[in-house]
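Here the structure comes first, spelled out in structure tokens, and everything after it is commentary.
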Amino acid sequence: MTNFVPNNNLKCWTDDFSGLCEKYAEFVMDGMDMKTMEQFVFDTLYECYSAYDEEQLINEIREYYDDEVLEGFGVKITDGPDIVTPD
């Protein structure tokens, strides 16, 4: 294996950068076993969701699922505008 030396003067050798990204993503994915892929999906989702504030995350859960899912996560839905989370 050769050492990779970054080259800031590297030119793009393809007219289809999007296609290159797609092919590389497929290549990386094909090299993953199921456990590695599950961990990658979890890490990616967690990183995305942890960038939300609490209101954004709660709204997304309510939009895609329902209040029962939130309650299952320990979030108490009240009649008022406030959502109460456990301390």
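Here the 3J(HN,Hα) profile of region 28-39, calculated from phi with Karplus coefficients 6.51, -1.76 and 1.60 at θ = phi - 60°, is 5, 4, 4, x, 9, 7, 4, 5, 5, 5, 4, 5 Hz, Gly and Pro shown as x. Each peptide in 54-66, 30-42 receives the mean, over its residues, of other Cβ atoms within 10 Å, and ordering these scores from highest gives 54-66, 30-42.
The numbers here are math on the coordinates, done by the rules we state, and not lab data. Small disclaimer: the values here were computed from a predicted structure and weren't measured. As a convention, Cβ positions derive from the backbone with ideal geometry for all residues, glycine included, and neighbour counts pool all protein chains shown.
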